[in-house]
Amino acid sequence: MELRGRIAEACQEHDRDTDDITVVAVTKTHPAAIIRMAVAAGLHNIGESRIQEAEPKITEAGPIARYHMIGHLQTNKVRKAVGLFDVIQAVDSYRLAEEIDRQAGRIERRIECLIEVNTSGEQQKFGVTPDDCLDLVGKVAALNWIELTGLMTIGPYTDDEDRIRGAFALCRDLYRRGRDTVGDNFDTLSMGMTDDFPLAIAEGSTMIRVGTLLFGERQPWRESQA
């Protein structure tokens, strides 16, 4: 698999262990059959971005993987999200975290969460600001039904590798400081996608989110695909 080779190359170059890198296979816009194919290939973490699309696919595929919500989550969709997903990667406000905690408590299911940080400063992106990140980490870590395990970021939309690495390095530094607050369970640094994951690995990423490299270009989603 091309992805494994590129991960191994990046790890060798930056003195990282490939066993420390978790791959989230992003199956958004692809049918449930792709989830089954990914799991059969040894990819046991699956990423989806929209509740409406993910619900029928996860229902069809069943509990064969750890399902990650990697897209922006609206508070009115949290009730469904806590029942569908094992990990919510894009917690970007305390209001959202409180609603996740409330809905998870309702079904008595502790759910793993990451805080999304906008390290690029791009206005079109979601995520807490770097300045507010550690305050949010402390507040979310105190909630009863959330297991806060790390941070997530999306690299800047640019070909400038220095800018990309700078954004990832900022998230890494916040992650290390957050670990001092939360403890050893704060062990996930989710950053890097198809176009920039080698740079993310160079800056300490422990989890990459890859779709296009695995499954080709995204397709327009139709409900019949489920």
Measuring from label point to label point, each 7 Å out along Cα→Cβ, what is the TYR157 to THR75 span in nm?
2.7
Counting Lys and Arg as +1 and Asp and Glu as -1, what is the net charge of the other residues whose Cβ lies under 13 Å from the Cβ of ASP162?
-3
Would you mind computing Rg(Cα) / (2.2 N^0.38 Å) for region 2-217, counting N as its residues?
0.96
Let me check I've understood the local charge: for GLY138, count other residues with C-beta under 12 angstrom from its C-beta, Lys and Arg +1, Asp and Glu -1. What total comes out?
-1
Relative contact order, percent, the chain [alpha-carbon distance under 8 Å, six or more residues apart]:
21
What is the sum of charges, Lys and Arg at +1 and Asp and Glu at -1, for the other residues whose Cβ falls under 15 Å from the Cβ of ASP17?
-4
Separation in nanometres of the label points that stand 7 Å from Cα toward Cβ, at ASP173 and ILE107
3.9
The distance between the Cα centres of region 1-33 and region 167-209, in whole Å, is 15
Points 7 angstrom from Cα along the Cβ direction at THR18 and GLU98: gap in nanometres?
4.7
Using a cut-off of 20 Å between alpha-carbon atoms, which lysines can reach LYS125, once sequence neighbours fewer than 8 places away in the same chain are excluded?
LYS28, LYS77
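Just so you know, all these numbers are worked out from the coordinates, no wet-lab data involved. Predicted model only: the values in this text are computed from it and were never measured. Virtual Cβ from ideal backbone geometry, glycine too; neighbours counted across all protein chains shown.
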